[in-house]
1. Could you tell me whether residue 75 is at pLDDT 90 or above, within 13 Å of the ligand (Cβ to nearest atom), more than 16 Å from the chain's Cα centre (by Cα) and farther than 28 Å from residue 230 by Cα?
2. Please verify whether residue 69 is out of contact with any helix residue (DSSP H, G or I) (no Cβ under 6 Å at 6 or more places or on another chain), farther than 30 Å from residue 314 by Cβ, more than 12 Å from the ligand (Cβ to nearest atom) and free of Cβ contacts under 8 Å to residues at least 40 places away in the same chain, treating the condition exactly as stated.
3. Go through the range 212-239 residue by residue and tally those that are at pLDDT below 90 and in a helix (DSSP H, G or I).
4. Checking residue 255 against (1) surrounded by 17 or more Cβ atoms within 10 Å (Cβ to Cβ); (2) within 25 Å of residue 138 (Cα to Cα), only one condition comes out false. Which one?
5. Within the range 84-120, how many residues are in contact (Cβ under 8 Å) with a residue 24 or more places away in the chain, more than 13 Å from the ligand (Cβ to nearest atom) and in a loop (DSSP other than H, G, I, E, B)?
6. Among the residues in the range 250-266, are any outside any loop (DSSP other than H, G, I, E, B), within 27 Å of residue 170 (Cβ to Cβ) and under 18 Å from the mean Cα position of the chain (by Cα)?
7. Within the set of pairs 6 or more residues apart or between chains, which connect a residue that is without any contact (Cβ under 8 Å) to a residue 24 or more places away in the chain inside the range 231-258 to a residue that is surrounded by fewer than 20 Cβ atoms within 10 Å (Cβ to Cβ) with Cβ atoms less than 7 Å apart?
8. Sort out which residues of the range 121-143 are touching a residue at least 24 places away in the same chain (Cβ under 8 Å) and either at positive phi or not in a loop (DSSP other than H, G, I, E, B) (or both), and write them in order of number.
Ligand code: BTN
């Protein structure tokens, strides 16, 4: 885990005005010697991918930097029950942190500006560059029986779209079964649910301010809120809104199950009546997407006219 010093954070804030700044100017503005600025910049360049030096001794950010303050999260989320909130500059994985720390008071939120071992579904990695996007996890006690969790990731996807669109405006952000947010067929966010003893951990990654052309290492098409809304997005308010939305709906979900969210999910179904392939284990199922059941299973109409119900798999 790498934590940033106050000086390093101040430098990032100054650089976020989106104009290259000369190193001497940074030293003057922050009232510290140039060599200390240079040292901090060297460290920032090593742990983040956010700084570019355009000309010699000039620095700028390649993405806007909107810091997330723990005190602001606490102010908004303590009153609804998040007594413990963890924020990091860098962490292996927010899901892993909540898995390892078993004695936390739930519900608990963990956010990190960067993940060095961010995890995606199916053992994939989750690209987690510094402070450009949102990476966070929430832990709740597991409801009993565990079958009450059926459709949880679908409910979460719905919460994400609702919170994003309420805050930033309605766009055609849609849901891809079982748990992706997509826009114009490109991935915007992903959800990874894991369990640990008697707890359930909901991990969420949202592409906020990264630009797809800057990150060629991801092969599947993806987009970000900055690209969708055509402006840089402040992450703090968005994180708060999402956690509030998730908390409110999780209570409803654990009490009533997914059926309450069924119609709402169908309204945002990205693939309704479209030809799809689903990989279930080694089996490839092809057909037309016909929505989902009240338990959250995918419905596929195959070439034989059979309506198949699929509990888990990868859709493409
Ligand atoms: C997916 O593959 O679509 C799921 C991606 C989930 C990524 C998030 S980022 C925060 C949390 N911590 C992790 O290591 N993964 C999840």
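1. Against the criterion (at pLDDT 90 or above, within 13 Å of the ligand (Cβ to nearest atom), more than 16 Å from the chain's Cα centre (by Cα) and farther than 28 Å from residue 230 by Cα), residue 75 does not qualify.
2. Spelling it out, it is not the case that residue 69 is out of contact with any helix residue (DSSP H, G or I) (no Cβ under 6 Å at 6 or more places or on another chain), farther than 30 Å from residue 314 by Cβ, more than 12 Å from the ligand (Cβ to nearest atom) and free of Cβ contacts under 8 Å to residues at least 40 places away in the same chain.
3. Result for the range 212-239: 3.
4. Only one criterion in (1) surrounded by 17 or more Cβ atoms within 10 Å (Cβ to Cβ); (2) within 25 Å of residue 138 (Cα to Cα) is unmet by residue 255, namely (1).
5. Going through the range 84-120 one residue at a time, the tally reaches 5.
6. Yes.
7. If the second residue must be surrounded by fewer than 20 Cβ atoms within 10 Å (Cβ to Cβ), the pairs left are 252/260.
8. Passing the criteria: 121, 122, 131, 134, 135, 136, 137, 138, 139, 140, 141.
The values are calculated or read from the model by the stated rules, or taken from the named source; none is laboratory data. These numbers were taken from a predicted model, which means no experiment stands behind them. Note that we place each Cβ from the backbone using ideal geometry, even for glycine, and neighbour counts take in every protein chain shown.
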